Amino acid sequence: MTFQAPKGVSEYVPPRSALFEEAREAFANSARRACYGAMETAVFEDTALFVRGVGESSDVVRKEMYSFEDRGGREITLRPEFTAGVLRSVLENNLHKGALPVKVWTAGPAFRYERPQAGRYRQFYQFDLEAIGTQDPAVDAETIAVGYDAYTALGLRQFTLLLNSLGDPKCRPAYREALQNFLRGLGLDAETRERIELNPLRVLDDKRPEVRDQTANAPVMMDYLCAECKAHHDTVRGLLAGLGIPFTDAPRLVRGLDYYTRTTYEFDHALLGAQSGIGGGGRYDGLSEDIGGPPLPGIGFAVGLDRAVLAIESERALAPGEPARRNAGCQVFGVPLGEDTHRSMLTLVTALRRAGVRADMAFGARGLKGAMKAADRSGAAFAALIGGQERDHGTVRMKDLANGEQHDVPAAEAAAWLIERVLR
Ligand code: HAM
């Protein structure tokens, strides 16, 4: 019998994995340039961390967590998101007692038991960035700029930044009540009525047209912000404008996790259909206290790397696999033909690799035709051939795979000849 990956697991194999790496690296580079440090954190945590952090009224906690009891009787959950675990680790390692804000990024798999479909998986991948320890609105704008610049560096153009504020514990209760009063007066179904009591803001997020129609005139948080939250929001808007980052005010934008306060945002892609959210985040000024820590404001975002890959493919109109040629494909492919040529070829490709060239070679007893086909498929710019004749003459035959031109080069100069041409 053969096995298949469990339902809803997103995997990447060559050549498409090159695009995944490209996406992750674009965000990592953008974060490094803004002096965010890398972290690796627990893939599984105490279930209570997510219940208290992400929130009991969120769908993530109520319906989507991979939770189990381990062999020692501990309640464990595979991380459905990174923020709660990153903050837990920052507190545990006392990073918040040093210079603030603590600026960190991480990336890896996350797990949510959702209905799998294009762009929605049970094991998916996030890039996550957090700035912890300041309420300065400049850091809100900084996190957005780091994300925006990475999407742009990946060549993405057809995305929109949606911006909102969810207020704080001072002004949100009055809004929540006003929204509940409005929603209770509508003819909504039983499940949605339950949601009005539990998490009324999420009703604004309902995608069904009959619900949308009824909630079109619902009150919005923007009209209830207290003076401090309003000033914070106006400053963030002004900073983004100053950075040349276009955004759309989205007064109905609510997020799926309970910890958000003030600034919230999402990056939405135009070509991805139902799963258009390619990233999102916001402030979580009360999260540290929710998980037993000191008062410590924070803000961050996560990118759905799977969706970023889909967005790149849709904008570049790429056939799966195409990017491997540009980014991760080989630059030189060695073709050893006949006996006693594999050793000198391995020596040549190793010298090339040590100089920073991506080099591969044909293994096994391949004939010329098969080996040249492998060379073509590798995406290399040059094939380097050593057959019986070259071995006897102490040369290597170089073939430019773009135009077919050939040159015989003395073996001692072969590595330098190739390095000169591919690394320039
Ligand atoms: P989130 O909006 O739940 O936020 O997830 C962030 C991104 O992860 C989404 O925009 C989406 O691209 C991707 N994503 C979420 N669920 C799935 C799924 N089932 N399959 C594929 N992609 C998915 C958070 O997770 C917050 N922790 C972000 C944050 C960081 N807020 C503050 N700091």
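The values are calculated or read from the model by the stated rules, or taken from the named source; none is laboratory data. Everything numeric here is computed off the predicted structure, so don't read it as measured data. Neighbour counts run over all protein chains shown; Cβ positions are idealised from the backbone, glycine included. All accessible areas refer to the heavy atoms of the entire protein, side chains included, with ligands and DNA or RNA removed. Shrake-Rupley method; radii C 1.70, N 1.55, O 1.52, S 1.80 Å.
Structure values in brief
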{"read-out": "Pairwise label distance in nanometres, Arg33 with Glu289, each label 7 Å out on the Cα-Cβ vector", "value": "3.7 nm"}
{"read-out": "Highest-first arrangement of 126-132, 398-404, 19-25, where packing means the average Cβ count within 10 Å", "value": "126-132, 19-25, 398-404"}
{"read-out": "Free-standing Cys, the chain [no other Cys Cβ under 4.7 Å]", "value": "Cys35, Cys229, Cys330"}
{"read-out": "Mean accessible surface per residue for the chain, computed with a 1.4 Å probe while every protein chain stays in place, in Å²", "value": "48 Å²"}
{"read-out": "For Tyr66, distant residues with modelled amide H under 5 Å away", "value": "Leu78, Tyr113"}
{"read-out": "Under-5 Å amide H pairs with Gly298, H placed in peptide plane, nonlocal only", "value": "Gly133, Tyr284, Asp285"}
{"read-out": "Amide H contacts under 5 Å for Gly334, placed H, 5+ residues apart", "value": "Asp360, Met361, Ala362, Ala384"}
{"read-out": "Accessible surface of the chain, 1.4 Å probe, proportion on carbon and sulfur as whole %", "value": "51 percent"}
{"read-out": "Convex hull volume per residue for the chain, taking Cα atoms only, in Å³", "value": "200 Å³"}
{"read-out": "Table column - 3J(HN,Hα) (Hz), region 149-165, Karplus curve with 6.51, -1.76, 1.60, x for Gly and Pro", "value": "5, 6, 4, 5, 4, 6, x, 6, 10, 8, 10, 10, 9, 9, 10, 8, 10"}
{"read-out": "Relative contact order (%) - region 329-422, alpha-carbon pairs under 8 angstrom, separation at least six", "value": "32 percent"}
{"read-out": "Region 237-289: Rg to Rh, with Rh as the Kirkwood radius over Cα pairs", "value": "1.01"}
{"read-out": "DSSP bridge pairs, region 329-422: antiparallel proportion in percent, nearest 5", "value": "55 percent"}
{"read-out": "At R0 = 41 Å, FRET efficiency that the Cβ-Cβ distance of Ala355 and Gln275 yields, to 0.05", "value": "0.45"}
{"read-out": "Protection-proxy order for peptides 200-206, 241-247, 82-88, each taking the mean of Cβ atoms within 10 Å per residue, highest first", "value": "82-88, 200-206, 241-247"}
{"read-out": "Phi to ³J(HN,Hα) by Karplus 6.51 cos²θ - 1.76 cosθ + 1.60 over region 349-354, Hz, x for Gly, Pro", "value": "5, 5, 4, 4, 4, 5"}
{"read-out": "J(HN,Hα) series, region 360-369, from Karplus relation 6.51 cos²θ - 1.76 cosθ + 1.60, nearest Hz, glycine and proline x", "value": "9, 8, 7, 10, x, 8, 7, x, 4, 5"}
{"read-out": "Value of [θ]222 nm, deg cm²/dmol, for the chain, DSSP H segments ≥ 4, -39500 (n - 2.57) each, nearest 500", "value": "-11500 deg cm²/dmol"}
